[in-house]
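Novice: Below is the structure I would like to discuss, written out as structure tokens.
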């Protein structure tokens, strides 16, 4: 009984611990990279590319095939042992083993191997890009939860202040200092704030739900992120020149790498199609043997034994086969032309990818700089609105201001607080995007 109680308490502690788990950004990103379906599909593409590369290596090996047959013949048939017609019922069997090797096919096998290696690299780049996209999405979702959480805290704190004001105003109304309308105005404000709190709680839940679904988690209700108080990340990246970040991004970001490998694949496809102009030369070697039930020894008139026939009627073949393309209705020529078009297309796509990356990085750089200025301006506005609100609070408390003017000042202060939270996390995310282009991890917020 005692042992059962201990086991039960231990299991309960495990369940409670699991329910109270708080996910950090690093844990969220790592879990997403391990469990996201899109990433798993990209990993399968890498596996297929590796299989294709192994097949390209195997194309250099010779082939080896064996075959055999057994038949019962009636009427006029060719005896496989004597190669003569026999109008008789007899049984026959034959067997052969053949091997062939490609000696020259315009270096198609070698070019196929080179292409398969490039294709595997391209698949790995696409997998890395998918991981980068998922990491950025998870980071953005994580920051959205932090924003919604802080927004809810601000609304709750504002509501507490309103409740205190209602209590103080009630006393002043009872004392005849303030009119009843001021109290009603504050109560209306409290009702509005309660609606805002409900909406903020729902926004927080929705943001948590979205991140949990991205992580492929089923327990949505207990999912939560770390309660750590995240501050601003270091803005050292803004001290670098935009051109320096662009050059680093060309080495780090996979978009250009993918476009580069696609260009190389198109070039290799063109080389492969050109091998169709060359003749092919292959070698072969084979061994075959035959048996027939009616085969008789010409000296004794007795049936030749099965094993003896296999030795008596066997044979080998060794040779070369040359195929020279002369005319195939311009199929090879048109295929080469199409490949040339694809090379030009992929070249333009590569140039466009480089231009897009440069434009994106410069835009991200300016966005980060402007978001910093916006955040700093929001802080200054909040400080000014705070002082104005405190002054309005003092005037209202002594009866020198009405509830409408007081609420106007408070609303302006609340909006300023919300702007600080919004601009703060907008600034953080844009900094992390810029750091991503520079090759820095996005999983650090402090």
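The values are calculated or read from the model by the stated rules, or taken from the named source; none is laboratory data. These numbers were taken from a predicted model, which means no experiment stands behind them. A quick note on method: Cβ atoms are made from the backbone with ideal geometry, for glycine too, and the neighbour counts reach across all protein chains shown.
Novice: What's the number of the condition residue 41 fails, among (1) surrounded by 12 or more Cβ atoms within 10 Å (Cβ to Cβ); (2) within 12 Å of the chain's Cα centre (by Cα)?
Specialist: (1)
Novice: Right, next: Scan segment 126-148 and tell me whether some residue there is out of contact with any helix residue (DSSP H, G or I) (no Cβ under 8 Å at 6 or more places or on another chain), more than 30 Å from residue 417 (Cβ to Cβ) and either free of Cβ contacts under 8 Å to residues at least 12 places away in the same chain or surrounded by 15 or more Cβ atoms within 10 Å (Cβ to Cβ) (or both). Give the steps one after another, and end with the answer.
Specialist: Taking segment 126-148 and keeping what is out of contact with any helix residue (DSSP H, G or I) (no Cβ under 8 Å at 6 or more places or on another chain), we get 133.
The next check asks that each one be more than 30 Å from residue 417 (Cβ to Cβ); those that pass are 133.
Next, from what is left, pick out any that are either free of Cβ contacts under 8 Å to residues at least 12 places away in the same chain or surrounded by 15 or more Cβ atoms within 10 Å (Cβ to Cβ) (or both): 133.
Within segment 126-148, one or more residues are out of contact with any helix residue (DSSP H, G or I) (no Cβ under 8 Å at 6 or more places or on another chain), more than 30 Å from residue 417 (Cβ to Cβ) and either free of Cβ contacts under 8 Å to residues at least 12 places away in the same chain or surrounded by 15 or more Cβ atoms within 10 Å (Cβ to Cβ) (or both).
Quick grid of which residues meet (1) within 18 Å of residue 163 (Cβ to Cβ); (2) out of contact with any helix residue (DSSP H, G or I) (no Cβ under 8 Å at 6 or more places or on another chain):
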{"residue": "182", "(1), (2)": "yes, no"}
{"residue": "186", "(1), (2)": "yes, no"}
{"residue": "198", "(1), (2)": "yes, yes"}
{"residue": "219", "(1), (2)": "no, no"}
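Novice: Here's another thing I want to ask about it. Hey, which of the helices (runs of 4 or more DSSP H) in segment 224-314, taking only ones fully inside, have at least 3 residues that are under 25 Å from residue 139 (Cβ atoms) and modelled with pLDDT under 90?
Specialist: Numbers: elements: 242-252, 254-274, 306-312.
Of the helices (runs of 4 or more DSSP H) lying wholly inside segment 224-314, those with at least 3 residues that are under 25 Å from residue 139 (Cβ atoms) and modelled with pLDDT under 90 span 242-252.
Novice: Of all residues in segment 157-178 being part of a loop (DSSP other than H, G, I, E, B) and touching a residue at least 12 places away in the same chain (Cβ under 8 Å), which is nearest to residue 411 (Cα to Cα)?
Specialist: Pass one, segment 157-178, residues part of a loop (DSSP other than H, G, I, E, B): 175-178.
Okay, now just the ones that are also touching a residue at least 12 places away in the same chain (Cβ under 8 Å), so 177-178.
Values: 177: 24, 178: 21 Å.
This residue is 178.
Novice: Got a sec? Which of 84, 41, 55 is over 30 Å from residue 253 (Cβ atoms) and in contact with a helix residue (DSSP H, G or I) (Cβ under 9 Å, 6 or more places away or on another chain)? Break it down stepwise before answering.
Specialist: Details: 84 fails: in contact with a helix residue (DSSP H, G or I) (Cβ under 9 Å, 6 or more places away or on another chain); 41 fails: over 30 Å from residue 253 (Cβ atoms).
Answer to the selection: 55.
Novice: I'd like to check something: does segment 312-328 contain any residue that is in contact with a helix residue (DSSP H, G or I) (Cβ under 9 Å, 6 or more places away or on another chain) and surrounded by fewer than 16 Cβ atoms within 10 Å (Cβ to Cβ)? Talk me through it step by step, then tell me what you get.
Specialist: Kept after step one, since they are in contact with a helix residue (DSSP H, G or I) (Cβ under 9 Å, 6 or more places away or on another chain), are these residues of segment 312-328: 325, 328.
Next, from what is left, pick out any that are surrounded by fewer than 16 Cβ atoms within 10 Å (Cβ to Cβ): 325, 328.
Within segment 312-328, one or more residues are in contact with a helix residue (DSSP H, G or I) (Cβ under 9 Å, 6 or more places away or on another chain) and surrounded by fewer than 16 Cβ atoms within 10 Å (Cβ to Cβ).
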